[in-house]
Amino acid sequence: MKDFKKSTVYQIYPKSFYDTNGDGVGDLNGVIEKLDYLKNLGIDYIWLTPFYPSPQVDNGYDIADYYNIDPNFGTLEDFEKLVEEARERNIYIMLDMVLNHTSTEHQWFKKALNGEEKYKAFYFFKEPINNAEPTNWESKFGGNAWQYVEKFDEYYLHLFDKTQADLNWDNEEVRKEIYSIVNFWINKGVKGLRFDVINLISKPEKFENDFNGDGRRFYTDGPRIHEYLKELNQNTFGKHEDIITVGEMSSTSLENCLKYSKSQENELSMVFNFHHLKVDYNNQNKWELKACDFKDLKMLFNEWQLGMEEGWNALFWCNHDQPRIVSRFGNDRKYHKESAKMLATMLHLLRGTPYVYQGEEIGMTNAYFTNINQYVDVESLNYFRILKEQGIAEEDIYKVLQERSRDNSRTPMQWNKFLNAGFSDGKPWLSVNDNYNEINVEDSLKDKNSIFYHYKRLISLRKEYDVVAYGNYVPLLNENNNVFAYKREYLEESLIVINNFYETEVTAVLDIEELESYKCIITNYEERNLKQIFSLKPFESIAFLKIN
Ligand code: TEU
Ligand code: CA
């Protein structure tokens, strides 16, 4: 059984990972073909984003059948082969459980639309109020969160796209159906579960307008959320000692995340929170750009590292919804390698379980698309329209999309310099980033100084030194506006990690004893000794270990 505190999870967006049948869409057999690459990297789990039958309005997060594989990705036999082949390489599979909503193509919703009361009660159908939507809540993809159904003269709730109808978890029948879905995949040998927006499943008793926001305060970390997570645990993965779970917690609080992830609460193993990825949102608005507020970033990491001592953080910069971190908080032009390695070291030596998103380990960058026809993501297309309606100039909208669109993380994996970066022999469903000649797996594996080998070393350090997995967390250089530094301690091991987040050279004064006993264990420049007064090169990142 794996220890999730010593493990690293690799996230795969199958649609963009590797296509084995030339249809331009990545597939499960593509994941199987690349297992040796992932074993070389040293990861422990593979998180697969949804591959279930879906109309693909939200690229699979709109599920029409929870018990099958969308033919675009393969068959159940392909999945069973993947589980087996991964296990042979000591890699476990983590699946994405999208249980807050179903596609409106799901049979439950179709039966609801046919007027079957049992299935209408699976969702939130509400009558108009004053001839309008039941509440003024907004969808996270823009627009109102209610869709009108004329035949009923009612609306149904959708916190995301109108083709993603929210399930009513207050209905015990819904919860029972959900447990059988989760147990079906556990019985297929799955050893990890990622729960999509799981802290949104408990809606308030009373649905009311929100005159101070978009409604999220009423349903986020909702009234019965901990009760439902405990019940889910008891009826599914909690019956097995070797299954890890992670909850995606949208707009959550540290207090709730402690409850979600404290082992004695018997809810989840760990949680994703997103506060550190909103420090470049102007006015808390994803679609208003501002530079990374580094002081805010440091404060948030310190708050969550110290505050979650009793809980457990999932550590991540990238995923299929976030832009590429080297373009976002690094410098993907002049200091591509240095800044990618700095961001990796800073994250991977923290307390928590690290997640590597496909392509992050080779420094893949944002796509910088210049035409709306290159974008596919429903959220991006909605906001292109919304921002235009707000009268924002197209050239400014493209600047926002180039930095914020979820398509940035969904361009095909760059395997080599050949056709379509070696992703597919067919026309890729989404354009390949045109920098694949410079950034690709094949070249990374040949370059001993590549970002890939830096990630590989970080993953192995977590296994090698208990201080990385189990150590406490002590902030260092709190007042420094360029450097993020911290100390980890565990039994006889002490670790110091120092990261310059900027391309300017900076000097730091370290108030650390026994400096001479520390040895450098990883750096993105030349190895050096730890000194009291420390000058750091652009994006220089270095970790020192002392063993008493
Ligand atoms: O994401 C939920 C979520 O919070 C993000 O989608 C965020 O709201 C969005 O990117 C706006 O910034 C999960 C999945 O990761 C995402 O891919 C799905 O689109 C979404 O839920 C609905 O299932
Ligand atoms: Ca394919």
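Each value in this text was obtained by applying a stated rule to the coordinates, not by laboratory testing. Every value quoted in this text rests on a predicted model; they were computed, and no experiment measured them. All Cβ positions, even for glycine, are placed from backbone atoms using ideal geometry, and neighbour counts span all protein chains on display.
How high is the relative contact order of the range 107-165, in percent, counting Cα pairs under 8 Å that sit 6 or more residues apart? Walk me through the intermediate numbers first.
Values: 84 pairs, mean separation 16.0, N = 59.
The value is 27 percent.
Relative to the compact-globule scaling 2.2 N^0.38 Å, provide the ratio for the alpha-carbon radius of gyration of the range 320-459. Intermediate results must be reported in sequence, preceding the final value.
Numbers: Rg = 15.9 Å, N = 140, 2.2 N^0.38 = 14.4 Å.
Dividing the Cα Rg of the range 320-459 by 2.2 N^0.38 Å gives 1.11.
Name the residue from Asn183, Leu193, Tyr52 whose Cα lies farthest towards the positive end of the charge dipole of the chain, charges +1 on Cβ of Lys and Arg and -1 on Cβ of Asp and Glu.
Ranked along the dipole, the leading option is Leu193.
Within the chain, what percent of beta bridges assigned by DSSP are antiparallel, to the nearest 5?
Numbers: 40 of 65 bridges.
The antiparallel fraction comes to roughly 60 percent.
Out of all DSSP beta bridges with both ends in the range 1-116, state the antiparallel percent to the nearest 5. It would help to have the intermediate numbers written out before the result.
Values: 0 of 8 bridges.
For the range 1-116, the DSSP antiparallel bridge percentage is about 0.
Any of Lys206/Lys278; Lys487/Lys546; Lys110/Lys151 with alpha carbons more than 19 Å apart? Name them for me. Don't skip to the answer; put the middle values down first.
Working: Lys206/Lys278 30 Å; Lys487/Lys546 11 Å; Lys110/Lys151 13 Å.
From the list (Lys206/Lys278; Lys487/Lys546; Lys110/Lys151), the Cα-Cα distance tops 19 Å for Lys206/Lys278.
Counting only complete DSSP H runs, which helices of the chain cover 20 Å or more along their long axis at the Cα atoms and score a mean Kyte-Doolittle of -0.5 or above?
172-186
Within the set of other residues whose C-beta is less than 14 Å from the C-beta of Ala121, count the net charge using Lys and Arg as +1 and Asp and Glu as -1.
On the way: positive: Lys111, Lys118, Lys120, Lys126, Arg175, Lys176, Lys203; negative: Glu116, Glu117, Glu154, Asp166, Asp170, Glu172, Glu173, Glu177.
Net charge in that neighbourhood comes out at -1.
Of Trp137, Val149, Thr163, whose Cα points farthest to the positive end of the dipole of the range 107-165 (charges on the beta-carbon: +1 Lys, Arg; -1 Asp, Glu; origin at the Cα centre)?
It is Thr163, whose Cα lies furthest towards the positive end.
Would you work out which of Thr75, Leu445, Asn371 lies farthest towards the positive end of the dipole of the chain, given +1 charges on the beta-carbon of Lys and Arg and -1 on that of Asp and Glu, about the Cα centre?
Farthest along the dipole direction, towards plus: Leu445.
Please state the charge dipole magnitude for the chain, taken about the Cα centre, from unit charges on C-beta atoms (+1 on K and R, -1 on D and E), reported in debye and rounded to the nearest 20.
On the way: 64 positive and 88 negative charges, 178 e Å.
That gives the chain a dipole magnitude of about 860 debye.
Are any of the pairs Lys2/Lys203; Lys341/Lys448; Lys337/Lys456; Lys286/Lys427; Lys295/Lys519 more than 25 Å apart by Cα-Cα distance, and if so, which?
On the way: Lys2/Lys203 35 Å; Lys341/Lys448 13 Å; Lys337/Lys456 15 Å; Lys286/Lys427 31 Å; Lys295/Lys519 28 Å.
Over 25 Å Cα-Cα: Lys2/Lys203; Lys286/Lys427; Lys295/Lys519.
Hey, what number do you get for the chain at 222 nm if only DSSP H runs of n ≥ 4 count, each worth -39500 (n - 2.57), divided across all residues, to the nearest 500?
Values: 17 runs with 154 residues, N = 548.
-8000 deg cm²/dmol, from helical runs alone.
Using Cα pairs under 8 angstrom and six or more residues apart, how large is the relative contact order of the range 147-243, in percent?
On the way: 74 pairs, mean separation 23.6, N = 97.
Reported as a whole number, the value is 24 percent.
Just tell me which aspartates and glutamates come within less than 20 Å, Cα to Cα, of Lys111; anything on the same chain fewer than 8 places away is out.
Within the straight-line limit of under 20 Å, Lys111 reaches these aspartates and glutamates: Asp62, Asp65, Glu127, Glu150, Asp153, Glu154, Asp161, Asp166, Asp170, Glu172, Glu173, Glu177.
Could you work out the relative contact order of the chain? I mean the mean sequence separation of Cα pairs under 8 Å and 6+ apart, divided by the number of residues, in percent. List each step's numbers first, then the result.
Numbers: 1139 pairs, mean separation 71.8, N = 548.
In percent, rounded to a whole number, it is 13.
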